[in-house]
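Undergrad: Sharing a structure, written as structure tokens. Questions coming.
The values are calculated or read from the model by the stated rules, or taken from the named source; none is laboratory data. All of these numbers come straight from a predicted model, not from anything done at the bench. Cβ: placed from backbone, ideal geometry, glycine included. Neighbour counts: every protein chain shown.
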Amino acid sequence: MKKAALYLLLITLFSKILGFTREIVLSHMYGASNISDAYIVSTTVPTFIFSFLGVAIATSYIPIYSTIENEKGIQSANIFTNTLVHFVILICTLLIIVAFVFTTPIVKLFASGFDKKTLSLAVLFTKISIFSIYFIGLIYVFNSYLQIKGKFVIPACIGFLFNFVIITSIILSDFFNILMLPIGYVLSYILQFLFLLPFLRKHKYKYKYSFIIDKDTSYYMKRIFYLSLPGIFGASVNEINSIVDRTIASRISVGGISALNYAINLNSFIQGLFVLTITTVMYPIISKMVVESDVDGVKKSLNKAINSITLLVIPITIGSMIFSEPLINFLFGRGAFDSKALSMTSEALFFYSIGMIGFSLRELLSRVFYAFQDTKTPMINAAIAIFMNIVLSIILSRYLEIGGLALATSISAIFCTLLLFINLRNKIGSFEIRNIIISFVKVLCASLLMGMISRFFYYALLNNINDNLCLVLSVCIGAITYLVIIYFMRIKEINIIVNVIKKKLFSSFNVL
């Protein structure tokens, strides 16, 4: 698991850097404007429409496949996959028809504050982008299939294709026609799907598509429906919260949606790089442990995953809050990205950072419930979080505007995560909560000290060197400080990493 997570981390790192380059190119070309707002909404609509079903299917498919493979063998499990593919194609067709007919009211739902010109542009973009739903649905299933087979690298690589095509389409839209924006979005998913096909056809994976529908899989399809219904709510809490935020943001200011989007994507960059890397590798393994009734194994894996996420996310949270404005200026402060966009985006990033640990652990804990084929608990907690987010967004946006929307999302995420901790402890018993709390306190103290030192150096160097170079040096000093502190604090996960590095160095020395 650790080896797979390391490889996946490296691939995800380069993919996320390319993804962030995509956001930088968009901000450079269009800043926080009506065009960028319309484009962001048009790309949000298809992912949101399918996410209710797609994420739920992906999370329920893995434990059910593991159960079938354990009870009936690989061939029966692959027949079930084939039936699921047919179902996804059917649902995607219905979703596209509905979205195409009711495009205008759907766009208004996502951004009720758009003026006539921006609304018209968003509707046009959305009528093109919704055709990506077919490929989004199939990618969900096939990525999960490859992950079950222990192939984490291949699904991770499709992010390169996605980002490369999007970046190209943004650049071409400036030279030719802005319709290149939604066309490029659809093309990016088509190429991802085509990239996966050769790997699915490999004999060792033993999956081959067939048009035949096997009736023997009906029980498992009913099971996936049963698990997916509450999962639709539970797995899509982030999407629902982002829709609430964007709808209110469209009423606050032109470019408000874009500012939130840039801040969300920076937040997602961190989660995708560290959190999703850990959960993606851990989920199939925990699902198999559950099938084999290895609850102790689940607890140990969960404990290590929580401490690892805390170790990575807490210092980044402190750093993002301290350097929110210089960081946004460093990444986006050029081209059409003006001072107003800088102010709104940095404010949103500051308040989103508060909930970063909540977003991260919520994702991890939800996956554990899905492994136990319990989607009701995450659904109930998600419903509470959504209600809290809506109420807080309405209240806080009056006082903090864009920042209030981000703060509301952070508070609801933290509250939801605390509820999941309580529910999971009641479900599987104690999983060394005391050890998790001690580790959390150590990491928090180290992160705060790191933040103070890096902030001191930033302002000490600010008047002598370039702003961006000052930020980079301060972050590097902070990172080194943090690593030194946590090493001497004797945090278990760090000791494991250090020992592995020592073994590698000694083995290399012996070879020489």
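Undergrad: When segment 94-108 is examined, which residues are found to be without any contact (Cβ under 8 Å) to a residue 60 or more places away in the chain, closer than 20 Å to VAL186 by Cα and of a type outside the set (Phe, Trp, Tyr)?
TA: LEU94, LEU95, ILE96, ILE97, VAL98, ALA99, VAL101, THR103, THR104
Undergrad: With the structure loaded, tell me whether GLY159 is touching a residue at least 12 places away in the same chain (Cβ under 8 Å) and either more than 29 Å from PHE199 (Cβ to Cβ) or charged (D, E, K, R) (or both) or whether it fails that test.
TA: Spelling it out, it is not the case that GLY159 is touching a residue at least 12 places away in the same chain (Cβ under 8 Å) and either more than 29 Å from PHE199 (Cβ to Cβ) or charged (D, E, K, R) (or both).
Undergrad: For residues that are charged (D, E, K, R) and part of a helix (DSSP H, G or I), scanning just segment 400-457, find the one that is farthest from LYS300 (Cα to Cα).
TA: ARG455
Undergrad: In segment 98-139, which residue that is among the polar types (S, T, N, Q) and touching a helix residue (DSSP H, G or I) at 6+ places or on another chain (Cβ under 7 Å) is nearest to PRO182 (Cα to Cα)?
TA: SER129
Undergrad: Would you mention how many residues in segment 343-376 are more than 20 Å from SER293 (Cα to Cα), buried (at least 22 other Cβ atoms within 10 Å of the Cβ) and among the β-branched types (Val, Ile, Thr)?
TA: Result for segment 343-376: 2.
Undergrad: If you don't mind, there's one more thing I want to ask. So which of ILE128, ILE158, ILE170 ends up being part of a helix (DSSP H, G or I) and under 17 Å from the mean Cα position of the chain (by Cα)?
TA: Only one candidate passes the filter, namely ILE158.
Undergrad: Go through segment 220-269 and give me each residue that's at pLDDT 70 or above and over 19 Å from MET344 (Cβ atoms).
TA: Once the filter is applied, which keeps residues that are at pLDDT 70 or above and over 19 Å from MET344 (Cβ atoms), segment 220-269 yields TYR220, MET221, LYS222, ARG223, ILE224, PHE225, TYR226.
Undergrad: For segment 100-118, which residues satisfy the criterion of being part of a helix (DSSP H, G or I) and surrounded by fewer than 21 Cβ atoms within 10 Å (Cβ to Cβ)?
TA: Passing the criteria: PHE100, VAL101, THR103, THR104, PRO105, ILE106, LYS108, LEU109, LYS116, LYS117.
Undergrad: A further question follows. With the structure loaded, tell me whether ASN426 is polar (S, T, N, Q) and either surrounded by fewer than 18 Cβ atoms within 10 Å (Cβ to Cβ) or on the phi > 0 side of the Ramachandran plot (or both) or whether it fails that test.
TA: yes
Undergrad: State whether the residues of segment 76-93 include one that is out of contact with any helix residue (DSSP H, G or I) (no Cβ under 9 Å at 6 or more places or on another chain) and without any contact (Cβ under 8 Å) to a residue 12 or more places away in the chain.
TA: Looking through segment 76-93, at least one residue is out of contact with any helix residue (DSSP H, G or I) (no Cβ under 9 Å at 6 or more places or on another chain) and without any contact (Cβ under 8 Å) to a residue 12 or more places away in the chain.
Undergrad: Moving on. Can you tell me which residue in segment 392-407 is farthest from the chain's Cα centre (by Cα), limited to those that are touching a residue at least 60 places away in the same chain (Cβ under 8 Å) and crowded, with 21+ Cβ neighbours inside 10 Å?
TA: SER397
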